[in-house]
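Here is the structure we will look at.
The values are calculated or read from the model by the stated rules, or taken from the named source; none is laboratory data. All values reported here derive from a predicted model rather than from experimental measurement. Here the Cβ positions follow ideal geometry from the backbone for every residue, glycine too, while neighbour counts run over all protein chains shown.
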Amino acid sequence: MKDKPAKLSIVVPLYNEAESLRELYEQISATLEQLENEAEIVFVDDGSTDSSYEILLELHRQDRRVKILRFRRNFGKSAALAEGFKRATGDYIVTLDADLQDDPAEIPQMIKMLERGYDLISGWKKKRYDTLIKRVSSKIFNTVTGFLTGVHLHDMNCGLKIYRREVVRNLRLYGQRHRFIPVLAANEGFVIGEMVVHHRPRKYGRSKFGPSRFLIGLLDLITLLFLSRYVKRPLHLFGGFGLLSLLVGMGINLYLAYERLVLHKYLTNRPLLFLGILLVIVGIQLFSLGLLGEMITEARAESMQYNIRNEIGFDT
């Protein structure tokens, strides 16, 4: 007896993409017609100020597979994906951007690759139709992220991905962490793969990419490294530096004490004395910070809440 195909959830985060939504829906529908899988299409409207929501309502009225989640304001792509993942009921979850640059026709091949034993397949836009600055910055981002995290992908932040359900259930997304989803999944022990996908020029509107993303990306990477390695043991990081600083400071002070008490040298013009005192103080502060971090880690909330305005098509 042939196994029943896995249920498919397609999660589409969007912000002010009214012009592309009908065309995107038609492309997704055409792809789903080729598949035997039961499917749902979850659009997450991240506080759009154009007519995106009204168009989504039209799509829902003509196709009950279309489900809509609408935020009261713009919370960002990570928030949109996080809430979309919570409501996705599929065994496999596909994500793609709403700007028509991701091609839904890639989904059947991604399903086949996922079923070879992977937990997450990330798209690789080998031939990109983006500005030069965006292509260069993406190359730098992927290289640096791979070097620091050990997860080597050509296109870490590609919007077109497919996951097994257990992967998204173990992702905690907020801020800008959607850029590092493969790293987050790999840290949980999931098997990551990559597939070359078709990338298309942007047809409508303008890219949300801006120069500020360079700095934000760097800060997010530093945050990710800390969270992935020390979030449950902050004392190991702060306490380690603190203990080192304390020991060096105490060593300097003991040496100066020896000079003063045994060799009878005056310390009034010895900058080394101030360095020793400073290192002791900094060491105590860092150690205390590590202990405070341990207490915060123990008491911190496990989830974040977003203000949702409408939910259309979901079971109560």
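For the reader, a short list of remarks on this structure follows.
- Unmet requirement for SER212, which otherwise passes all of (1) modelled with pLDDT of 65 or more; (2) closer than 25 Å to VAL136 by Cβ; (3) of a type in the set (S, T, N, Q): (1)
- Output for the stretch 105-134, where each listed residue is in a helix (DSSP H, G or I) and more than 29 Å from ALA30 (Cβ to Cβ): LEU132, ILE133
- Considered as a group, the residues in the stretch 31-67 that are β-branched (Val, Ile, Thr) and farther than 14 Å from GLU17 by Cα include one that is surrounded by the fewest Cβ atoms within 10 Å (Cβ to Cβ), and that residue is THR31.
- The set of residues from the stretch 3-19 being polar (S, T, N, Q) and at pLDDT 95 or above comprises just one member, SER9.
- Selection count, the stretch 25-62, where residues are more than 16 Å from PRO104 (Cα to Cα) and out of contact with any strand residue (DSSP E or B) (no Cβ under 8 Å at 6 or more places or on another chain): 8
- Scanning the stretch 101-160 for residues that are among the aliphatic types (A, V, I, L, M) and within 18 Å of the chain's Cα centre (by Cα) returns LEU120, ILE121, ILE140, VAL144, LEU148, VAL151, LEU153, MET156, LEU160.
- Residue identified as under 20 Å from SER52 (Cα atoms) and either polar (S, T, N, Q) or not assigned by TED's automatic domain parsing to the domain that holds ARG22 (or both) among GLN101, GLN109: GLN101
- Some residue of the stretch 133-153 being touching a Leu at 6+ places or on another chain (Cβ under 9 Å) and either at positive phi or at pLDDT 90 or above (or both): no
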